[in-house]
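Take a look at the structure below.
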Amino acid sequence: MNASPFSSLSDGHQRLQALVGAWRGEEQVSETQWADAGTATSEVQAEAQFGGLFVAQRYRQRRDGTVSFGAHNVFGFDQQNKVVTMHQFDSMGFVPTSPATGTWNGNELVLERSSPRGAARVTYGFDGTDTFRMKLHFKPAGSDSWQDMVSGLYRRVSPSTINGF
């Protein structure tokens, strides 16, 4: 019997491995101060780092054949506080003051982060090992209402079908 290479990881670190893989998505973009409403396609490449302690994810969104947004996310698990962390660096150029944090609720991972501009909440919902859904919401500073930003459905693909990463 072969042991999983991640079997010595905490349960929280093992849950992060659901993000690992090459994914292609179709997204619905809502009208915001940063983007016009419409559709987009995306590519996501995520790999386990440092024996599975972290997952590094590269994301690229395309609209009308042009890259419209990119992000580099690093997911971890804070064992002391029992929360998932996500540090995000993206093409908007805002420097994160702190990571997004959150927890798993069944097959959903919900992360939130606040900044002087407001709060962001991203939800990853796993429909099995080969698909997931992502929803991104934003609440402007001083507002009590969450606004839809992006939602998408992502399917696992072969890493060789993702170009340019």
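The values are calculated or read from the model by the stated rules, or taken from the named source; none is laboratory data. Note that the structure is a prediction, hence the values are computed from the model and not measured. All Cβ positions, glycine included, derive from the backbone under ideal geometry; neighbour counts span all protein chains shown.
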Lone unmet requirement of (1) within 27 Å of residue 147 (Cα to Cα); (2) out of contact with any strand residue (DSSP E or B) (no Cβ under 6 Å at 6 or more places or on another chain); (3) in a loop (DSSP other than H, G, I, E, B) for residue 35: (2)
Considering residues of the stretch 68-84 that are surrounded by 13 or more Cβ atoms within 10 Å (Cβ to Cβ) and not aliphatic (A, V, I, L, M) only, the residue farthest from residue 25 (Cα to Cα): 77
Residue in the stretch 148-156 that is acidic (Asp, Glu) and free of Cβ contacts under 8 Å to residues at least 24 places away in the same chain present: no
Filtered residue count, the stretch 72-105, keeping only those that are of a type outside the set (D, E, K, R) and closer than 15 Å to residue 59 by Cα: 11
Residue check for residue 141: aliphatic (A, V, I, L, M), in contact with a Ser or Thr (Cβ under 9 Å, 6 or more places away or on another chain) and exposed (fewer than 12 other Cβ atoms within 10 Å of the Cβ): yes
Top-ranked residue in the stretch 57-67 [being buried (at least 16 other Cβ atoms within 10 Å of the Cβ) and of a type outside the set (D, E, K, R); ranked as farthest from the chain's Cα centre (by Cα)]: 61
Some residue of the stretch 85-100 being more than 22 Å from residue 158 (Cα to Cα), among the small types (Gly, Ala, Ser) and crowded, with 19+ Cβ neighbours inside 10 Å: yes
Some residue of the stretch 110-123 being closer than 15 Å to residue 137 by Cβ, basic (Lys, Arg), in contact with a strand residue (DSSP E or B) (Cβ under 6 Å, 6 or more places away or on another chain) and assigned to a strand (DSSP E or B): yes
Number of the exception - residue 46 against (1) surrounded by fewer than 19 Cβ atoms within 10 Å (Cβ to Cβ); (2) not in a loop (DSSP other than H, G, I, E, B): (1)
Condition broken by residue 76, with the remaining ones in (1) small (Gly, Ala, Ser); (2) modelled with pLDDT under 95; (3) under 13 Å from residue 16 (Cα atoms) satisfied: (2)
